[in-house]
1. Taking the Cβ of R100 as the center, what net charge do the other residues with Cβ under 12 Å away carry, scoring Lys and Arg +1 and Asp and Glu -1?
2. All other residues with a Cβ under 12 Å from the Cβ of L81 taken together, and with Lys, Arg as +1 and Asp, Glu as -1, what is their net charge?
3. Taking the Cβ of Q160 as the center, what net charge do the other residues with Cβ under 13 Å away carry, scoring Lys and Arg +1 and Asp and Glu -1?
4. Can you give the FRET efficiency to the nearest 0.05 for T98 and D33, using r as the Cβ-Cβ distance and R₀ = 30 Å?
Amino acid sequence: MSTIERVGTIRIEQKPLNNIDSLTFRGLLSLTDAKILGGSAGLAKHLDKFVIGAMTPDEMLRYITKNSLVIVGNREDAQMLALQNGAAVLITGGFATTDRVIRLANEMELPVMQTTHDTFTVATMINRALSDQAIKQDILTIAAIYTPLADGVQTGRPDQTVADFTKLRAGRSDFALPIVTPAGRWWAWWGKSR
């Protein structure tokens, strides 16, 4: 169900469960229209954060962490620094890289990707994807908390009487009984629920 302002409640289709915990480098390839230049063995790794490499290598080092992504142009020094510290590289502007960087990417199993988009556009795309993902993780669905009724769980039926309920609770003050229809659907609680 969904509520739309000034319209009310409407029925919507159930969306399939999204089991993606975070954005992978493989997902980043399609998101940014990038191609892989090296380190394709690391495409299944998850992206934790991204860093824009628009500073000196010494300054950049403070922000690079394992499983992060360094977005940079045609700066071999920044590309090498990222790989040596466990970060993947996304080269913007359609620039290429050196064989040395590609060899290190393959050794480290860290992707080096290339896109024709500029740095700002790529950062915006990734930021939106990570935000959308965080929102999806915050939405709690019935499927996420539903537990099927275990065998042997005592239930009541809508056609039972108060006398039947009294016999079932037999001296228990905190007794609550789920009332279930013959089709197995929850109907109500009988008694004091927790």
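What follows draws every value from the coordinates through simple rules; no lab data is involved. From a predicted model like this one, the values you see are computed outputs, not experimental measurements. Glycine gets a Cβ as well: all are built from the backbone with ideal geometry, and neighbour counts include every protein chain shown.
1. Here the count lands on -3.
2. Values: positive: R62, R75; negative: D58, E59, E76, D77.
Net charge in that neighbourhood comes out at -2.
3. Charge balance near Q160 sits at +1.
4. Computed FRET efficiency for T98 and D33: 0.85.
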